[in-house]
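Novice: Below: one structure in structure tokens.
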Amino acid sequence: MVTIRKYNPREDEQNWVRCRVLSLLDTPYYDDVLRHKQTYENPSIELVAVSQGSIIGILDLELDTSTKVICYRTGTKGAILRNLMVLPEFRQKGVAAHLMDYALTLLRDEGVGHLEIWIRENEDVKNWLCKKQFMKTYSYLHFYAEDEECRAFVNHPILDCFIKRAYGEYTGRCPDEIRQKFKRVYESALYERHFSPEETP
């Protein structure tokens, strides 16, 4: 049996970090490793899915405020997904859906008008988001350069200084050129779901 509850910072951090690391190993975010759980400046919704006393899934949402807007889209109060991961052995069992449904209920109480989710290339996740009534509205590229690839954008080398790894973002109109220059390139896509005032998320 899987239980969804709020994250407890005094008891859950170690299991939360473990769940996040293991959940990302087979995804494009495999090297996005954290040693401690993030904390947020804005109000947040932080949930965990628990089975037999262990955390098997996590979800974090951060919300806009009147003084600090964090979402890409403006116009209504928004929320952005920071984490949604499930351990590989518990996938395809509805855990992510339970986490999301629970969070959407809490968003209604916060008066949120839209939810944003940024993802890298993953067809299963894209299909899941579409089933959850999210629509793709924008995208750009993330790329990683290693060794000789770094020379492609270093215009002014410094004597005896060698860049071996670099990360970049590309928002231009020639994505094929970036994909040809760098081996590790991902589309970063924004998916959005909007809620009407009468709608229950």
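Novice: Taking Rh as the Kirkwood radius computed over C-alpha pairs, what is the Stokes-Einstein D of the range 140-185 at 4 °C in a medium of viscosity 1.567 mPa s, expressed in µm² per second? Could you put the intermediate results ahead of the total?
Specialist: On the way: Rh = 11.2 Å.
Result for D is 116 µm²/s.
Novice: Anyone know which of LYS126, LYS183, LYS164 comes out most mobile in the 10 Å Cα GNM of the chain?
Specialist: LYS164
Novice: How would you rank LEU47, LEU34, LEU141, going from fewest to most other Cβ atoms within 10 Å of each one's own Cβ? Before the final figure, lay out the partial values.
Specialist: Numbers: LEU47 21, LEU34 12, LEU141 18.
Result, fewest neighbours first: LEU34, LEU141, LEU47.
Novice: Name the residue, out of ARG184, ARG73, ARG173, whose mean-square fluctuation peaks in a Gaussian network model built on the chain with Cα pairs under 10 Å.
Specialist: Among ARG184, ARG73, ARG173, the largest GNM mean-square fluctuation belongs to ARG173.
Novice: Could you work out which residue, out of VAL154, VAL185, VAL95, moves most in a Gaussian network model of the chain, that is, has the largest mean-square fluctuation with Cα springs under 10 Å?
Specialist: Among VAL154, VAL185, VAL95, the largest mean-square fluctuation in the Gaussian network model of the chain belongs to VAL154.
Novice: What do you get for the angle between helix 13-24 and the principal long axis of the chain? Use alpha-carbon atoms, 0 to 90 degrees, nearest ten.
Specialist: Approximately 60 degrees, to the nearest ten.
Novice: OK, next. Take the eigenvalues of the Cα gyration tensor for the range 64-155, scale each by 5, and report the square roots as semi-axes in whole Å, largest first. Don't skip to the end; give the middle numbers.
Specialist: Details: eigenvalues 170, 92, 27 Å².
Semi-axes (√(5λ), whole Å): 29, 21, 12.
Novice: Quick one: Cα centre-to-centre distance for the range 17-34 and the range 93-119, in angstrom?
Specialist: So the two Cα centres are separated by 21 Å.
Novice: Still on this model: At 37 °C and 0.692 mPa s, grab the translational diffusion coefficient of the chain from Stokes-Einstein with a Kirkwood Rh over Cα pairs, rounded to a whole number in µm² per second. Present the calculation step by step, with values, prior to reporting the outcome.
Specialist: Values: Rh = 18.7 Å.
Calculated translational D: 176 µm²/s.
Novice: What are the lysines whose alpha-carbon lies under 19 Å from the alpha-carbon of LYS131, with same-chain residues fewer than 8 places away excluded?
Specialist: Those lysines meeting the cut-off are LYS93.
Novice: Given an 8 Å cut-off on Cα distances and at least 6 residues of separation, report the relative contact order of the chain as a percent.
Specialist: Working: 325 pairs, mean separation 39.0, N = 201.
Relative contact order comes out at 19 percent.
Novice: Next question, about the same structure. Could you list MET135, MET1 in order of exposure, starting from the residue whose Cβ has the fewest other Cβ atoms within 10 Å?
Specialist: Working: MET135 11, MET1 5.
Ascending number of Cβ neighbours within 10 Å: MET1, MET135.
Novice: If you don't mind, there's one more thing I want to ask. Residues of the range 128-166 with amide nitrogen under 18 Å from the 7 Å Cα-to-Cβ point of GLU177?
Specialist: Zone members listed by number: 140-145, 149-156.
Novice: Fewest first, what order do LYS68, LYS93 take by the number of other Cβ atoms within 10 Å? Spell out each step's value before the answer.
Specialist: Details: LYS68 10, LYS93 15.
Taking fewest neighbouring Cβ atoms as first place, the list is LYS68, LYS93.
Novice: Setting aside same-chain residues fewer than 8 positions from LYS164, which lysines have a Cα under 19 Å from its Cα?
Specialist: The qualifying lysines are LYS181, LYS183.
Read-outs throughout are calculated quantities, based only on the coordinates presented, and are distinct from any laboratory measurement. Just so we're clear, the structure is a prediction, and the values are computed from it rather than from any experiment. Ideal geometry is used to build each Cβ from the backbone, glycine not excepted, and the neighbour counts take in all protein chains shown.
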